[in-house]
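> Encoded as structure tokens, here's the structure I'll be asking about.
The values are calculated or read from the model by the stated rules, or taken from the named source; none is laboratory data. Source: prediction; values computed, not measured. Don't worry about glycine lacking a Cβ; one is built from the backbone with ideal geometry, like all the others, and counts go over all protein chains shown.
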Amino acid sequence: MKRIGIIIAVIGILIMAALTLLGGWGKYILILLTLFLMLYSALLIHELGHLVIGRWLGYSFRFLIIGPVRFTKEKGKLTIALNSSSNWGQCAMQVKFSEYETDRHRLVWYLAGGSLANLAIVVTGCALYAATGSMPWLLLVLFHFAFGLVAIVPLKAEGGAYSDGLGIRLLRRNGRSGRLFYALFKLSHKYAFAADKEGIDRHPQGIFIELEEELHREARLQCNDRYELDMIMNLLYFVAAWQTMNERFQKTVELLQPWIEQDRLTGAMKQELLLSYSFAKLATGGDIGTVPDKTTVRHPAMLTILTPKIEALRYCRKGNAEQAIAVLQHAKNGILTNKPYLLGKAADAALLDKYIQIMRNHAASR
């Protein structure tokens, strides 16, 4: 969502730059540079707002992306590097989870932190503009207002990315929607911040088993809320991934089969879930079913793992297990060398390891 705000702001910069061309190149460059710095300040202040509120809540800093720069803290060491991802702005904090009601209110503050920081600049800028009448202060106000507003609007992007505003809305709504979002937020953090497969295994199995049972119940219900259904699709993938990593392949088949038989899979995760089901069927000696010719999504992180899964299953259907394994191994190497990942670097690598194992076992059994 922040990327949308940046694109809108850049377009605005280009329009304003074009209007000032008649004023000479020196003036044009100065105005363009000033507007860029204002845009960058809106992004910087927004993410720092999340950081400050997160630290106030006792969360641990993990990484901060501000345009082309990425700050990362690992094992107590802070590193600064160029940002190679398509994400232009994000503050990632490791949340200390306790119980739902307490965490729900704390997460609302954390998600609101970015727009609150922009609001503080808006108020300050308005006061300075009223006192000085200087146009740059008014432009600063407009940039921060637009940026904070875009972030707080309840929107969802492809691949399970929820705006701050949508997260706040779901948590404040409480009830079923709030609990689904809380479960999704909690699992996404467990996957994203796990350093290795052992880190994922350290999380209590009871969380995943409870979700297995809950998702089985959901398969017997009719959900008409689009946000709830989207969260259920993401939770299905999270649980199916955990089952696969722990070789609970039959459980994956049982989890996804009712949704597939009722044709209730939907959204960006539909193809991921169908492929997860195919790999689980292959692991249990079943037929992998129809393999799509190509992916239907455009999200970079989803493409990183989705495309090789499709290619591997197509090679498998042709009886070329060696090529299938090579495709999956190449995808795993790519994730380990900082290609976009879906669950988390360690989680996606562990998942691809299991798919490679499934292919090897399938080849050996023929």
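> Of everything in the stretch 238-267, what is surrounded by 21 or more Cβ atoms within 10 Å (Cβ to Cβ) and of a type in the set (Ser, Thr, Tyr)? Give them in sequence order.
The answer is Thr244, Thr252.
> Turning to a different aspect of this structure: Can Ala312 be described as farther than 17 Å from Leu236 by Cβ and either surrounded by fewer than 22 Cβ atoms within 10 Å (Cβ to Cβ) or modelled with pLDDT under 85 (or both)?
Here the answer is no, as Ala312 does not meet what is asked.
> Looking at the structure I just gave you, is Glu210 over 19 Å from Ile356 (Cα atoms), at pLDDT 85 or above and surrounded by fewer than 21 Cβ atoms within 10 Å (Cβ to Cβ)?
no
> Something else about it: Of the conditions (1) crowded, with 18+ Cβ neighbours inside 10 Å; (2) out of contact with any helix residue (DSSP H, G or I) (no Cβ under 9 Å at 6 or more places or on another chain); (3) not hydrophobic (A, V, I, L, M, F, W, C), Gly113 satisfies every one except a single condition; which number is it?
(2)
> Another question, if that's okay. For the condition within 30 Å of Ser84 (Cβ to Cβ) and not in a helix (DSSP H, G or I), what is the one hit in Thr266, Thr295?
Exactly one residue qualifies, and that residue is Thr295.
> Report, by residue number, each residue of the stretch 44-72 that is under 17 Å from Lys96 (Cα atoms) and touching a Ser or Thr at 6+ places or on another chain (Cβ under 9 Å).
Listed by number, the residues that qualify are Gly54, Arg62, Phe63.
> Determine, yes or no, whether Ile45 is touching a His at 6+ places or on another chain (Cβ under 8 Å) and of a type outside the set (Ser, Thr, Tyr).
Here the answer is yes, as Ile45 does meet what is asked.
> Across the stretch 308-344, what is the total count of residues that are of a type in the set (Val, Ile, Thr), without any contact (Cβ under 8 Å) to a residue 24 or more places away in the chain and closer than 28 Å to His189 by Cβ?
Count: 1.
> If Lys270 meets every condition in (1) farther than 24 Å from Ile209 by Cα; (2) out of contact with any Phe, Trp or Tyr (no Cβ under 8 Å at 6 or more places or on another chain); (3) of a type outside the set (Val, Ile, Thr) apart from one, which number is that one?
Answer for Lys270: the failing condition is (1).
> Restricting the search to the stretch 292-307, which residues are without any contact (Cβ under 8 Å) to a residue 40 or more places away in the chain and either touching an Asp or Glu at 6+ places or on another chain (Cβ under 9 Å) or of a type in the set (Phe, Trp, Tyr) (or both)?
Leu306
> Something else: Mind checking which residues of the stretch 322-366 are part of a helix (DSSP H, G or I), more than 27 Å from the chain's Cα centre (by Cα) and at pLDDT below 90?
Correct list: His362, Ala363, Ala364, Ser365.
> Under 6 Å between Cβ atoms, at least 6 apart or on separate chains: pull out the pairs that start in the stretch 233-252 with a residue that is touching a residue at least 12 places away in the same chain (Cβ under 8 Å) and over 12 Å from Ala347 (Cα atoms) and end on any residue that is small (Gly, Ala, Ser) and not in a helix (DSSP H, G or I).
Every condition considered, the pairs that remain are Met233/Gly267; Asn234/Gly160.
> Next up: Yes or no: Val153 β-branched (Val, Ile, Thr), over 20 Å from Leu343 (Cα atoms) and touching a Ser or Thr at 6+ places or on another chain (Cβ under 8 Å)?
yes
> Taking the stretch 69-92 only, how many residues are assigned to a strand (DSSP E or B) and closer than 21 Å to Ser41 by Cβ?
Counting residues in the stretch 69-92 that are assigned to a strand (DSSP E or B) and closer than 21 Å to Ser41 by Cβ gives 9.
> So, one more: Identify the single condition in (1) over 16 Å from Ser41 (Cα atoms); (2) of a type in the set (Val, Ile, Thr); (3) not in a helix (DSSP H, G or I) that Thr102 does not satisfy, given that it satisfies every other one.
Of the numbered conditions (1) over 16 Å from Ser41 (Cα atoms); (2) of a type in the set (Val, Ile, Thr); (3) not in a helix (DSSP H, G or I), the odd one out for Thr102 is (3).
> May I pose another question? Restricting to the stretch 282-309, count the residues that are of a type in the set (Lys, Arg) and surrounded by fewer than 20 Cβ atoms within 10 Å (Cβ to Cβ).
Residues in the stretch 282-309 being of a type in the set (Lys, Arg) and surrounded by fewer than 20 Cβ atoms within 10 Å (Cβ to Cβ): 2 in total.
> Within the stretch 144-167, which residues are out of contact with any strand residue (DSSP E or B) (no Cβ under 8 Å at 6 or more places or on another chain), more than 12 Å from Ser115 (Cα to Cα) and not in a loop (DSSP other than H, G, I, E, B)?
Ala157, Ala161, Gly167
> Okay, next question. Among the candidates Thr284, Thr244, single out the residue that is of a type in the set (S, T, N, Q) and under 23 Å from the mean Cα position of the chain (by Cα).
Thr244
> Does Leu275 fit the bill of being modelled with pLDDT of 90 or more, farther than 13 Å from His362 by Cα, in a helix (DSSP H, G or I) and among the hydrophobic types (A, V, I, L, M, F, W, C)?
yes
> Restricting the search to the stretch 168-182, which residues are part of a helix (DSSP H, G or I) and surrounded by fewer than 21 Cβ atoms within 10 Å (Cβ to Cβ)?
Arg169, Arg172, Arg173, Gly175, Arg176, Ser177, Gly178, Arg179, listed by residue number.
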